[in-house]
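The block underneath contains the structure these notes are about, expressed in structure tokens.
The values are calculated or read from the model by the stated rules, or taken from the named source; none is laboratory data. No experiment lies behind these values; they were computed from the predicted model shown. Note: ideal-geometry Cβ built from the backbone for every residue, glycine included; neighbour counts use all protein chains shown. When the accessible area is computed, the model is the full protein with side chains, heavy atoms only, and any ligands, DNA or RNA have been set aside. Shrake-Rupley method; radii C 1.70, N 1.55, O 1.52, S 1.80 Å.
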Amino acid sequence: MLAEFSIWTREAGGWGLSIAVEGPSKAEITFEDRKDGSCGVAYVVQEPGDYEVSIKFNDENIPDSPFVVPVATLADGARALTVTSLQEMGLKVGQEASFAVQLNGARGLVDAKVHTPSGAIEECHVTELDSDQYAIRFIPRENGVHSIDVRFNGSHVPGSPFNVRVGDPGQAGDPGMVSAFGPGLEGGSTGAASEFFVSTCNAGSGALSLTIDGPSKVKMDCVECPEGYRVTYTPMAPGSYLISIRYGGPRHIVGSPFKAKVSGACLSGGHSLHETSSVLVETVTKSSQAAIGGGFPSLPKFSSDASQAVSRGAGLSKAFVGQKNMFTVDCSKAGTNMLMVGVHGPKTPCEEVYVKHMGNRMYNVTYTVKEQGDYILIVKWGDHNVPGSPFHVTVP
């Protein structure tokens, strides 16, 4: 079966595009220069398995290349399966959550795993209801957004991974809604202030606990800002520092503890192997909408990096008339900003674009179109395109 994708080089300058597909069998690749700053690529492989698609521009991999593409046979392809009765919001800690997987005539093995907000991976209970349907169940142990991988014969089913929220948005002290970003989480220099931000928008009120362990005591300040709290610390000795961030209790936020590497001369009086500095802040409820729209004469300056956003999903390359076409955008490592999505059609505007925040800057995007043709899909994090944008979407 023919697999297709598009590459946009119009804004990259220069020329020197190379494409390679490696895997269990040889790939037949065709290439079309559309003369509009884009090109179309199609390839056919003969065996199932995982293939690496490498795309290089001027001898350098483009963002996210090489891409891993699971290929299934037509008889047992994961694309035949559908997921039903999946509750995306309103789940409760300690209460069983379940949904169904329809095989639609395919034959093979179904398995599922849950990625929790704290970073753990847990197996789901998979039960065969009949020859064509499975039930998948799990019991959430913490609040926040959970990501569920559903695979068939080792390949993701359409829409996988699925994001579901446990607990109510804005629930008091929800660490799953808190994120941290900034250069100070990665390192700094002795005698100089390092900075990072803790975003508590929509996490409810709770106690924010910051602890830095390392070779020296640090001077630490925590100041309220529109998106949450701005933290600065000044280390006095070189070495590795552990930055622990907890919210609403003993549980760490996603990514905590962070390991920061500090360089420079030792400026402290003596040398210690372990010193601890801590600060505790009783936070107030913040809303991302209030931070943007309430009381600012102009938009605040956001600290963000669009190149760290990751887009996934079939809706980035192919869509169908009258259906809800979907993809996801993971901006959890891209700092704080606003996600903007636009779809430009061949003749008429896109009928509907719906952006839904799932928590921790994970977004589900759905859109519908009502005519065939080639569309341009633009995804921006603030003022900058995410990697791959603008995307070329074909509507057969």
> In region 10-23, which residue that is surrounded by 13 or more Cβ atoms within 10 Å (Cβ to Cβ) and modelled with pLDDT under 85 is farthest from Asp59 (Cα to Cα)?
Replying inline: Ala12
>> Going by what's in this entry, would Ser263 be described as within 24 Å of Gly335 (Cβ to Cβ), hydroxyl-bearing (Ser, Thr, Tyr) and open to solvent by 30 Å² or more (accessible area, probe 1.4 Å)?
In response: yes
> Which ones in region 332-351 are more than 16 Å from the chain's Cα centre (by Cα) and open to solvent by less than 80 Å² (accessible area, probe 1.4 Å)?
Replying inline: Gly342, Val343, Gly345, Pro346, Thr348, Cys350
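For every residue, the table says whether it meets (1) without any contact (Cβ under 8 Å) to a residue 40 or more places away in the chain; (2) open to solvent by less than 30 Å² (accessible area, probe 1.4 Å).
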| residue | (1), (2) |
| --- | --- |
| Lys26 | yes, no |
| Ile29 | yes, no |
| Asp33 | yes, no |
| Ser38 | no, yes |
| Gln46 | yes, no |
| Gly49 | yes, yes |
> Which members of region 144-158 meet the condition of being open to solvent by 10 Å² or more (accessible area, probe 1.4 Å) and at pLDDT 75 or above?
Replying inline: Ser147, Asp149, Arg151, Asn153, Gly154, Ser155, His156, Pro158
> For Ser307, are the conditions met, namely being within 28 Å of Arg165 (Cβ to Cβ), exposed (fewer than 15 other Cβ atoms within 10 Å of the Cβ) and among the small types (Gly, Ala, Ser)?
Replying inline: yes
>> I'd like to verify a number: residues in region 222-261 that are outside any loop (DSSP other than H, G, I, E, B) and within 27 Å of Gly359 (Cα to Cα), how many?
In response: 19
>> Filter region 319-331 down to the residues that are assigned to a strand (DSSP E or B) and buried (at least 17 other Cβ atoms within 10 Å of the Cβ) and list them by number.
In response: Asn325, Met326, Phe327, Thr328, Val329, Asp330
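Conditions tested, residue by residue: (1) modelled with pLDDT under 85; (2) over 20 Å from Asp330 (Cα atoms); (3) open to solvent by 30 Å² or more (accessible area, probe 1.4 Å).
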position	(1), (2), (3)
Ala112	no, yes, no
Ile136	no, yes, no
Ile139	no, yes, yes
Ser160	yes, no, no
Asp168	yes, yes, yes
Ala172	yes, yes, yes
>> Of the residues Leu86, Leu74, Leu91, only one is modelled with pLDDT of 80 or more, farther than 22 Å from Arg312 by Cβ, out of contact with any Asp or Glu (no Cβ under 7 Å at 6 or more places or on another chain) and of a type outside the set (Asp, Glu); which?
In response: Leu91
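Which of the residues spanning region 199-228 are polar (S, T, N, Q), buried (at least 17 other Cβ atoms within 10 Å of the Cβ) and either more than 27 Å from the chain's Cα centre (by Cα) or at pLDDT below 80 (or both)? Outline the logic, then answer.
If we filter region 199-228 for residues that are polar (S, T, N, Q), which is where we start, we get 199-200, 202, 205, 209, 211, 216.
Remaining after also requiring buried (at least 17 other Cβ atoms within 10 Å of the Cβ): 199-200, 202, 209, 211, 216.
Those that are polar (S, T, N, Q), buried (at least 17 other Cβ atoms within 10 Å of the Cβ) and either more than 27 Å from the chain's Cα centre (by Cα) or at pLDDT below 80 (or both): Asn202, Ser216.
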>> Quick check on my filter: what residues within region 203-221 are closer than 22 Å to Glu142 by Cβ and not in a loop (DSSP other than H, G, I, E, B)?
In response: Ala207, Leu208, Ser209, Leu210, Thr211
>> Residues to consider are Gly159, Gly105; find the one that is in a loop (DSSP other than H, G, I, E, B) and free of Cβ contacts under 8 Å to residues at least 40 places away in the same chain.
In response: Gly105
> Looking at this structure, is Gly184 assigned to a helix (DSSP H, G or I), modelled with pLDDT of 85 or more and open to solvent by less than 30 Å² (accessible area, probe 1.4 Å)?
Replying inline: yes
> In region 187-202, how many residues are closer than 29 Å to Gly167 by Cβ, assigned to a strand (DSSP E or B) and either in contact with a Pro (Cβ under 9 Å, 6 or more places away or on another chain) or of a type outside the set (S, T, N, Q) (or both)?
Replying inline: 4
>> Could you check region 361-381 and list, in sequence order, the residues that are surrounded by 21 or more Cβ atoms within 10 Å (Cβ to Cβ) and either of a type in the set (Val, Ile, Thr) or assigned to a loop (DSSP other than H, G, I, E, B) (or both)?
In response: Arg361, Val365, Val369, Val379
